[in-house]
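Worksheet for the structure shown next.
The values are calculated or read from the model by the stated rules, or taken from the named source; none is laboratory data. As the structure is a prediction and not an experimental result, all values here were calculated from the model. Neighbour counts run over all protein chains shown; Cβ positions are idealised from the backbone, glycine included.
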Amino acid sequence: MHKNKKILKNILQIIIVLFGISFFTFSLTYLSPGDPAEIMLTECGHIPTPELLAQTRAELGLDKPFVKQYGTWVYSALQGDMGKSYSLKTSVAEKIKQAFFPTLNLSLLALSFTLLISLPLGMLAAVKKDKWQDYLIRSFTFIGISVPSFWLGLIFLSIFGVTLKWVSVSGGKTDFKSMILPALTIALAMSSKYTRQVRHIFLEELEKTYVTGARMRGIREGIILWKHVLPNAMLPLITLLGLSLGSLLGGTAVVEIIYNWPGMGSMAVKAISYRDYPLIQAYVLLIALIYLIITMLVDFSYKYLDSRVKGVV
């Protein structure tokens, strides 16, 4: 019963936050400079005469008062209709769907690369604290954090696309081969931060009394590290992974633009440049929903794993 109340409370909070975000976003787009009708007509090659502008604004509903515009949009959104894109002339929901899955696949692969790189390096740096391995790993992570993603992406394209011709420079594809370079570009920057965080988490765990007790009982260091320390260290890592996934699903715009990846980030940048308000509003609402759901799932999984870990320790 308590869990059901907690779930209902979280769902109610999500609904309230989404309504607040939708109102705030709609207000900003309404007050922002630029006429979307004029931009749309110009992009389509039409001369925006006063008569044509008035007709287009009426068709888009831009001639109505703010409250009526917002009410109409909310009513349609609750029915699954996010409107029609000004610049693409297609359904916003369909465009969001097309851009979401490439970004989801890219995000999951980037997170997998990040874990494969940062988890062993962070553990090694913690175990070899203040030794040459620790200093070497920390030096590489410092360089990784300092290198901008766009520069790294351009270097990768120059090497693997122009020189070796292993990948297409033009991009636009969403197959696994085309996904490796952008995922690595994201992962190398993220793994530098994660390695430092993993090192810090493991150092805290290694100083706790249960580790000292296990060592005094003669348990091998490898068993202590993998069977006892790692499960406890996973708790804060799950929170980091959840927040990172939400951030990546929001769209890594710079990387997606460099590799011409048809995902959420590049879609959002184009929508902003074209003043495509329905697409911007749907994008912001979706990202907010993703963040809220991931936060709720992380909260529940954290409590579940916490009880399991207590049993292990």
### Message
Looking only at region 70-92, how many residues end up being over 19 Å from I272 (Cβ atoms) and part of a helix (DSSP H, G or I)?
### Response
8
#### Entry: Close pairs from region 119-142: first farther than 16 Å from F202 by Cα, partner assigned to a helix (DSSP H, G or I), Cβ under 7 Å, at least 6 apart
T141/S192; T141/T195; T141/R196
### Message
Please determine whether any residue of region 227-238 is touching a residue at least 60 places away in the same chain (Cβ under 8 Å) and under 17 Å from I293 (Cβ atoms).
### Response
yes
### Task
Starting from residues that are assigned to a helix (DSSP H, G or I) and touching a Ser or Thr at 6+ places or on another chain (Cβ under 9 Å), keep the ones in region 156-171 and report whichever is modelled with the highest pLDDT.
F156
#### Entry: Lone unmet requirement of (1) over 30 Å from V74 (Cα atoms); (2) in contact (Cβ under 8 Å) with a residue 60 or more places away in the chain; (3) in a helix (DSSP H, G or I) for M296
(1)
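Conditions tested, residue by residue: (1) closer than 30 Å to F176 by Cβ; (2) surrounded by fewer than 20 Cβ atoms within 10 Å (Cβ to Cβ); (3) without any contact (Cβ under 8 Å) to a residue 40 or more places away in the chain.
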site: Q197; (1), (2), (3): yes, yes, no
site: R215; (1), (2), (3): no, yes, yes
site: G222; (1), (2), (3): no, yes, yes
site: T252; (1), (2), (3): yes, no, no
site: L289; (1), (2), (3): yes, yes, no
### Query
Inside region 61-92, can you point out the residues that are under 26 Å from D175 (Cα atoms) and in contact with a helix residue (DSSP H, G or I) (Cβ under 7 Å, 6 or more places away or on another chain)?
L88, V92
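To keep it simple, each residue is scored yes or no on (1) on the phi < 0 side of the Ramachandran plot; (2) at pLDDT 80 or above; (3) assigned by TED's automatic domain parsing to the domain that holds L188; (4) surrounded by 12 or more Cβ atoms within 10 Å (Cβ to Cβ).
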position	(1), (2), (3), (4)
T25	yes, yes, no, yes
P33	yes, no, no, no
T49	yes, no, no, no
L62	yes, no, no, yes
Y86	yes, no, no, yes
F113	yes, yes, yes, yes
